[in-house]
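Student: Below is one structure. I have some questions about it.
The values are calculated or read from the model by the stated rules, or taken from the named source; none is laboratory data. Since the structure is predicted, the reported quantities are computational estimates derived from the model, not experimental observations. Note that we place each Cβ from the backbone using ideal geometry, even for glycine, and neighbour counts take in every protein chain shown. Remember, those area values only see protein heavy atoms, side chains included, never the ligands or the DNA or RNA. Shrake-Rupley method; radii C 1.70, N 1.55, O 1.52, S 1.80 Å.
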Amino acid sequence: MKSLKRVGIGAAFAVLTVYGGLLFSLTWFLDGATLRETLLSERTLFSVRLSLTAATCATVLALLLAIPAAYALSRFMFFGKEAVETVLEFPIIVSPAALGAIILIFFNNPLGEWLEAHFLHFVFTFAGIILAQFVTILGLAVRMLRTAFDEVPVEFENIGQTLGGSPRYVFFKVTLPLARNGLIAAVILTWAKALGEFGATLMVAGSMAMRTETLPIAIFMRLSSADIEGTVGLIVILVAIGLTALYIARRLLTKRPGT
């Protein structure tokens, strides 16, 4: 047992070394003046605002569909359930760039062209950013929320309905509160995934400065122009936002009731 413990702890610190070492290596190119200039530039501030807004919109839209879908997958048997569960893995087995290409190709068929002309223009627009992020994170949101609902005993819902509560009332007053921790984790991680999305966004919305340049795309553009210091500055911003989100999630999840 002690040997297994040492191996496990060693592996855990090896993981920490891999990611921590990569982040620490950024300090070699981290320049205070360049970082300050990057942080305060209008283009960077626009990319940050765009990324935060798009990720929030995409997450809200994904949750509106993911919550009922995850609950159905967790609680009910229905025709096509296995097909739905299989499709949820689609964003994992297909790269984000390929997923973005699929979306872009869709808007070149008759239905996609009609939607672009009569509903909303997606290609190379803010709406395209949200769509790309939404498609990328939807499967993740459903899987995480289903896990949260699976952890809520069905017996509690049955008791609530036995006491006279309607299915809708029991869902909002019993199921959701009991799945609170999982829901919070799903929201935070889904949002963070949307914030860092790159491949699909680039394919659908492009990389137009001050228009569709999200923070990950801005990092790519800086690096493609050999601006290492500027790239590091943008990476620091993205990592800081992501770590802040994870810290908030941990605080919410570990906060004791009544404190």
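Student: Give me log10 I(q)/I(0) at q = 0.16, 0.21, 0.25 Å⁻¹ for the range 7-78, Debye formula, one equal scatterer per alpha-carbon, no solvent.
Tutor: -0.87, -0.90, -1.01
Student: Something else: In Å², and per residue, what accessible area does the range 40-105 have when probed at 1.4 Å with the other protein chains present?
Tutor: 57
Student: To the nearest 0.05, how large is the calculated FRET efficiency for TRP28 and THR244 if R₀ is 22 Å and r is the Cβ-Cβ distance?
Tutor: So, using R0 = 22 Å, E works out to roughly 0.40.
Student: Ignoring everything but the protein chains, give the 1.4 Å probe accessible area of LEU246 in square angstrom, nearest 10.
Tutor: The value for LEU246 is about 70 Å².
Student: Okay, moving on. In a Gaussian network model over the chain where Cα atoms closer than 10 Å are linked, find which of ILE103, ILE228, ILE159 has the largest mean-square fluctuation.
Tutor: So, out of ILE103, ILE228, ILE159, the one fluctuating most is ILE159.
Student: Right, next: Which order do LEU73, LEU163, LEU63 take by accessible area at a 1.4 Å probe, largest first?
Tutor: Putting LEU73, LEU163, LEU63 in descending order of accessible area: LEU163, LEU63, LEU73.
Student: While we're looking at this one, here's another question. I need the fraction of alpha carbon pairs in the range 124-204 separated by more than 16 Å, rounded to a whole percent.
Tutor: Distances greater than 16 Å cover 59 percent of the Cα pairs.
Student: Would you please give the residues with an amide H less than 5 Å from that of GLU213, counting only those at least 5 places away or on a separate chain, with H modeled from the backbone geometry?
Tutor: MET208
Student: Looking at the P(r) of the range 105-151, how many percent of alpha-carbon pairs lie beyond 18 Å?
Tutor: Taking all Cα-Cα pairs of the range 105-151, the fraction more than 18 Å apart is 45 percent.
Student: Moving to a separate point now. Rounded to the nearest 10 Å², what accessible area does ASP31 have for a 1.4 Å probe in the complete protein model?
Tutor: 70
Student: Hey, what's the Kirkwood Rh for the chain if you take every pair of different alpha carbons, in angstrom?
Tutor: Kirkwood radius, the chain: 20.9 Å.
Student: Right, something else. Run the accessible area of the chain with a 1.4 Å probe and give the carbon-and-sulfur part as a rounded percent.
Tutor: Here it works out to 71 percent.
Student: Let me ask another. Give the relative contact order (percent, whole number) for the range 102-259; include only Cα pairs under 8 Å separated by 6+ residues.
Tutor: 26
Student: Taking θ as phi - 60°, what are the ³J(HN,Hα) couplings along the range 26-31 by the Karplus curve (6.51, -1.76, 1.60), each to the nearest whole Hz, with x for Gly and Pro?
Tutor: Along the range 26-31, the couplings run 5, 5, 4, 9, 7, 10 Hz.
Student: Average the reciprocal distances over every distinct pair of alpha-carbons in the range 1-147, invert the result, and give the Kirkwood radius in Å.
Tutor: 19.3
Student: Related question: Go through the range 1-94 and name the chymotrypsin sites (Phe, Trp or Tyr not before Pro) that are in a DSSP coil and have 15 or fewer other Cβ atoms within 10 Å of their Cβ.
Tutor: Answer by residue number: PHE76, PHE78, PHE79.
Student: Across the chain, how many lysine pairs, 8 or more apart or on two chains, come within less than 27 Å at their alpha-carbon atoms?
Tutor: Eligible lysine pairs with Cα atoms under 27 Å apart amount to 4.
Student: Where in the chain are the helices, taken as whole DSSP H runs, whose Cα atoms extend 20 angstrom or more along the long axis and whose Kyte-Doolittle mean reaches at least 0.5?
Tutor: 2-25, 42-75, 126-150, 180-195, 228-254
Student: How large are Rg and Dmax for the range 63-195 when calculated on the C-alpha trace, in angstrom?
Tutor: Taking only Cα atoms of the range 63-195, I get Rg and Dmax of 17.7, 54 Å.
Student: Regarding the range 152-259, what are the three Cα extents along the principal axes, ordered largest first, in Å?
Tutor: 66, 33, 20
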